[in-house]
1. Which one of these does residue 112 not meet: (1) more than 16 Å from the ligand (Cβ to nearest atom); (2) within 17 Å of the chain's Cα centre (by Cα)?
2. Given the criteria away from the ligand (no atom under 12 Å from the Cβ) and surrounded by fewer than 19 Cβ atoms within 10 Å (Cβ to Cβ), does residue 118 qualify?
3. Looking at region 44-88, which of the residues that are of a type in the set (Asp, Glu) and surrounded by 15 or more Cβ atoms within 10 Å (Cβ to Cβ) is nearest to residue 121 (Cα to Cα)?
4. Out of the residues in region 1-24 meeting the condition of being under 13 Å from the mean Cα position of the chain (by Cα) and of a type in the set (A, V, I, L, M), tell me which one is surrounded by the most Cβ atoms within 10 Å (Cβ to Cβ).
Amino acid sequence: MENRLFYPATSRNSESISRVLLKYLPGNGTVLEVASGSGEHAVTFQKLLPKHTWQATDTSLVCCRSIRSWIKYYELEEIMPEPIQLDVETKSWPLTKEILDSLCAIVCINMIHISPWECSRALIRQAGGILKVNRPLILYGPFQMNHEPMTQSNMLFDMSLRKQNPSWGIRKLEDLDELAFSQGFKKEAIIQMPANNLSIIYIKV
Ligand SMILES: C[S@@+](CC[C@H](N)C(=O)[O-])C[C@H]1O[C@@H](n2cnc3c(N)ncnc32)[C@H](O)[C@@H]1O
């Protein structure tokens, strides 16, 4: 049975996100991806980064099944671990000592606006607890820049998100900053990405 999911946005943004990863990821280690979705990013980035181990996760079982199918499709079973079912809001993340010891970065793409604000809080709090000094937390998605009005397209997108679920929505960068700084991160970079998205790089200090 075909379990692979196909997310159109994923194939559109993989190349630009790849450039960010190549620049900001440490040279090797385990990259923990939170909210991997279909798994298309996970296999793309694992192929791009042979010195890293890409650990995909998602709260959804359907997504975990899709990630597994993508790993199989590209015959990456030998180098890529099984996806982990992980809900960011879980108090104790189900990560082995091996993962925690080798953890070099946490990456989260397009989850923050499509989940309640509590998920962002949980993500940043947990990342602050498990990332070692100098390790990055890399976030990607649409965000509202401090003191700047939202672009017209992000404003419409924000409205459509909130219509689907009132607890979703495009977050303000200053709110994320406040959370991140309180968990021991500094902001290393904000990178403009295609289609009014940003990559935000926080580093544990
Ligand atoms: C828009 S999709 C993005 C998927 C993928 N990162 C991408 O860019 O294609 C949002 C993902 O967030 C996941 N998600 C939502 N709430 C979550 C939570 N509490 N913990 C972990 N993942 C969550 C969903 O299951 C979904 O796969």
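Laboratory data are not the source of any read-out in this text; all were calculated from the coordinates shown. These numbers come from a predicted model, not from an experiment. Cβ sites come from the backbone with ideal geometry, for glycine too, and all protein chains shown count toward neighbours.
1. Checking residue 112 against (1) more than 16 Å from the ligand (Cβ to nearest atom); (2) within 17 Å of the chain's Cα centre (by Cα), the one that fails is (1).
2. Against the criterion (away from the ligand (no atom under 12 Å from the Cβ) and surrounded by fewer than 19 Cβ atoms within 10 Å (Cβ to Cβ)), residue 118 does not qualify.
3. Here the answer is 87.
4. By that ranking, first place goes to 17.
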